[in-house]
Amino acid sequence: MIRQLTLLAVVLPTALAQTSVTIPCDRDNTLYESATGHLSAGAGPRFFVGRTDQSSNSRRRALLRFDLASIPTNALILSASLTLEVDMFNSPITVSAHRVLTNWGEGTSVPAGAGGGGAPATPGDATWLHAISPGSTWTTPGGDFAAGASFTHPIVQPGSTVTGTQAPVADVQNWVRNPGQNFGWLLKTDEQAAQTAIRCHSREATTQQPTLIISYLAPGQTTQWGLGCAVGTNTFQHSWSAPPIGGTTPQLLQMDGPPNALAANLLALNFDRTGFPLLPGCNLYLPITGLIVNHSIITLDANGAGATNLAIPPGFPGVLFASQTAALDNSPSGYVLSNAALSVLQ
């Protein structure tokens, strides 16, 4: 039975005007460990990661790349979700993804049978020795990739869904801004134990090809991020009233805060996706080690709502504004925090 594995970069925030796109894999291949570098699977319907059986005990590594040209180069990447269809599984294993550092190829080789043995490489294929066969070799057999993993994911059983770290976001952000560095990810295991290989659908499969779902803010867009502190049965909400366009004056809005409370609107030019646990149950999403500016002091109304004008300076397209509100209340800490609001200037 075919199973699906979804690798999530971060928990998605509540959307206001962010954009989400689903990008198909535009190139993939399997590197089959071989002293001669003659095996590949450029056009095969499956790719492999891990070690095979005890007889050969050879390694398999997968290459995946996604074309990000449709995303504006000045966009802020919020989240990235890599989805793979796993249709063969031997035992629990952890897969790590590493940035590939060299351009590589996908030829027309198609392995016979289950595909685990590979097929003779064709011109343009990546192999264990070649980035692009037959002339361009890897600096190191098995692929040129960053030593540190961008993200790792334990695969306990086919069909399990796991939530990862923010690391893929940094890779995607870099590739959007520097497309010449986008050679995708290499997937591998610790490669210690035999019979631990997994098999996944490639982009040539008839169903469930690899996809990368990306959520981002383009200039002129805004969104909410994270959760505010609990205030009664609600959570303290903060948002922007309008697109952040240079020369305009949107408002910083609050809802469901402490009634009649004194509050401060805080601004920063960066944000913390995970958030710093400043209070139980809610986080500071502005960078605790960066510059945070107190934009304004306001008094919330009897419903815990407020609005403050924010003049957007012209001439700063692509600049991120992150904001969050802190309000005094009668809780043990003496104050509560809203969620954050993120905007990219246009």
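The values are calculated or read from the model by the stated rules, or taken from the named source; none is laboratory data. Predicted model only: the values in this text are computed from it and were never measured. Every residue, glycine among them, receives a Cβ derived from its backbone with ideal geometry; neighbour counts consider all protein chains shown.
Numbers below:
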read-out	value
Residues satisfying the stated conditions in the range 197-214, i.e. surrounded by fewer than 21 Cβ atoms within 10 Å (Cβ to Cβ) and among the hydroxyl-bearing types (Ser, Thr, Tyr)	Thr206, Thr207, Thr211
Which listed residue, of Arg27, Arg51, Arg65, is buried (at least 22 other Cβ atoms within 10 Å of the Cβ), in the same structural domain as Pro179 (by TED's automatic domain parsing), among the basic types (Lys, Arg) and modelled with pLDDT of 95 or more	Arg65
Qualifying residue in the range 154-164 (condition: at pLDDT 90 or above, farther than 26 Å from Thr36 by Cβ, assigned to a strand (DSSP E or B) and β-branched (Val, Ile, Thr))	no
Qualifying residue in the range 213-227 (condition: within 30 Å of Glu33 (Cα to Cα), in contact (Cβ under 8 Å) with a residue 40 or more places away in the chain and assigned by TED's automatic domain parsing to the domain that holds Leu68)	no
Residues (at positive phi and at pLDDT 95 or above) located in the range 103-132	Gly124
Failed criterion for Ala131 (all others in (1) within 20 Å of the chain's Cα centre (by Cα); (2) outside any loop (DSSP other than H, G, I, E, B) hold)	(1)
Residue that is surrounded by the fewest Cβ atoms within 10 Å (Cβ to Cβ) [pool: residues in the range 231-257 that are free of Cβ contacts under 8 Å to residues at least 60 places away in the same chain and among the small types (Gly, Ala, Ser)]	Gly232
Within the range 258-299, tally of residues that are crowded, with 20+ Cβ neighbours inside 10 Å and among the hydrophobic types (A, V, I, L, M, F, W, C)	8
Some residue of the range 94-102 being at pLDDT 95 or above, part of a loop (DSSP other than H, G, I, E, B) and over 25 Å from the mean Cα position of the chain (by Cα)	no
Hey, Leu63 of a type outside the set (Phe, Trp, Tyr), within 16 Å of the chain's Cα centre (by Cα) and within 24 Å of Ala149 (Cβ to Cβ) or not	no
Positions within the range 69-86 being in a loop (DSSP other than H, G, I, E, B) and crowded, with 21+ Cβ neighbours inside 10 Å, in sequence order	Ile71, Ala75
Selection within the range 264-281 - more than 21 Å from Ile312 (Cα to Cα) and among the aliphatic types (A, V, I, L, M)	Leu278, Leu279
Sole residue being more than 18 Å from Ser241 (Cα to Cα) and either among the aromatic types (Phe, Trp, Tyr) or in contact (Cβ under 8 Å) with a residue 12 or more places away in the chain (or both), chosen from Ala305, Ala327	Ala327
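Table: residues versus (1) over 16 Å from Asn174 (Cα atoms); (2) of a type in the set (Asp, Glu).
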position: Leu68; (1), (2): no, no
position: Leu82; (1), (2): yes, no
position: Phe89; (1), (2): yes, no
position: Glu106; (1), (2): yes, yes
